[in-house]
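Just below is one structure, and these are the notes that go with it.
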Amino acid sequence: MDDLYTLERGDGPLLLSIPHLGTIIPDDLRDRYTDIALTVADTDWHLDRLYAFAQQLGATILGARMSRYVIDLNRPSSDESLYPGQTTTGLCPDLTFRGEPVYREGCVPDAAEKQRRVAKYWKPYHDRIVVELARLRERHANVLLWEAHSIASVLPRLFDGKLPDLNIGTQDGRTAAASVMKAVTDAAARSDYSWIANGRFKGGFITRNYAAPQDGIHAVQLEMCQSAYMDEAPPFDYLPAKAEAIQPTLRDMVGGALDAVVALS
Ligand SMILES: [Zn+2]
């Protein structure tokens with residue numbers, strides 16, 4: 001099932017996961033979706049390109065190919081809310097971030113369809129995370145799981161005003177050693193970009209589920225504004241000059257966290 005994701009293996013203590021990179025809605029499901037949903041606007045566009053530098057850090061890079069409108073890999077398969085009491089999107093979102101319907105009338109997936117999608121699309125990505133983390137842990141006492149995300153900078157349905165450029169999430173410090181967290185926030189603070197740690201975004205399901213700092217797995221989510229590297233309007237073009245401007249900061253954040261992880265060993 002490797003058509004569900006792309007995987008580039010490295011041997012460094014770093015797994016870079018990009019669960020919302022996918023843009024594919026399978027042919028057998030397309031008739032269910034609205035025209036607006038078929039533009040897959042809520043994709044974490046181009047993050048494989050933006051993070052290509054991670055290869056030089058020995059990263060293993062895992063990127064989803066299926067759209068989050070098929071199933072959201074960063075939600076629990078039980079579909080419990082990530083942020084109880086706040087508006088958030090679920091396992092099979094029925095509204096886009098802007099509140100438009102994802103499905104045509106009568107086509108919202110029922111519980112059985114959601115479970116079919118969990119088995120077919122969700123589980124293989126998670127099984128791959130488990131396998132790759134285990135492989136890296138055989139070589140390294142401590143490893144870094146970096147969850148790479150990006151989102152439109154203004155989405156009134158989900159948050160007030162403009163999001164800070166860099167949103168670091170570690171579940172209020174629980175998913176990574178303090179020295180790893182400090183390396184990431186120090187790098188953000190050195191940059192010219194606005195940033196916050198554990199604000200609106202504290203880390204989604206993948207960050208929370210696989211983090212085990214006491215067991216050598218340190219997880220950090222970075223949710224970043226798409227305005228920092230791309231055009232947020234269709235056709236969602238990558239903007240190389242903006243991207244090249246923020247890449248040194250990203251490299252500093254990921255590289256700093258990696259150095260801190262290695263120093264723990
Ligand atoms: Zn995302």
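FYI, it's all coordinate maths here, none of it is from the lab. Since the model is a prediction, treat every value here as computed from it, not as a measurement. As a convention, Cβ positions derive from the backbone with ideal geometry for all residues, glycine included, and neighbour counts pool all protein chains shown.
Helix 123-139 against the longest principal axis of the chain: what's the angle in degrees, Cα atoms only, rounded to the nearest 10? Once rounded, the angle reads 10 degrees. Helix 240-264 axis versus longest C-alpha principal axis of the chain: approximately 60°, rounded to the nearest ten.
Springs join every pair of Cα atoms under 10 Å in this Gaussian network model of the chain, and among T96, T88, T170 the largest mean-square fluctuation is at T88.
If I model a spin label as a point 7 Å beyond the Cα along the Cα-Cβ vector, how far apart are those points for V131 and S194 in nm? That separation, rounded to one decimal, is 4.2 nm. If you line up the long axis of helix 178-190 against the longest principal axis of the chain, both from Cα atoms, how many degrees apart are they, to the nearest 10? Compared with the principal axis, the helix lies near 80 degrees.
Segment A112..T23, full-extension length gain: 29.7 nm, with 0.36 nm per residue of separation and the alpha-carbon distance subtracted.
Sum up the charges of everything whose Cβ sits under 12 Å from the Cβ of P248, counting Lys and Arg as +1 and Asp and Glu as -1, but leave P248 out. Could the numbers behind the result be given before it?
Working: positive: R190, R251; negative: D192, E244, D252.
Combined, the nearby Lys, Arg, Asp and Glu give -1.
Simple rule: put +1 on each Lys or Arg Cβ and -1 on each Asp or Glu Cβ in segment 5-263, find the dipole, and look at G203, L29, T175; the Cα lying farthest toward the positive end is T175. Using a Gaussian network model on the chain with a 10 Å cutoff between Cα atoms, which of L144, L166, L14 fluctuates the most? Maximum fluctuation in the GNM of the chain, among the listed residues, is at L166.
Taking the DSSP beta bridges with both ends in the chain, the antiparallel portion is around 40 percent.
Name the residues of segment 186-205 whose amide N is less than 17 Å from a point 7 angstrom out from the Cα of E80 along the C-beta direction? It comes to 202-205, nothing else.
Count the net charge of all other residues whose Cβ sits under 15 Å from the Cβ of L155, scoring Lys and Arg as +1 and Asp and Glu as -1. Taking every other residue near L155 into account, the sum is -2.
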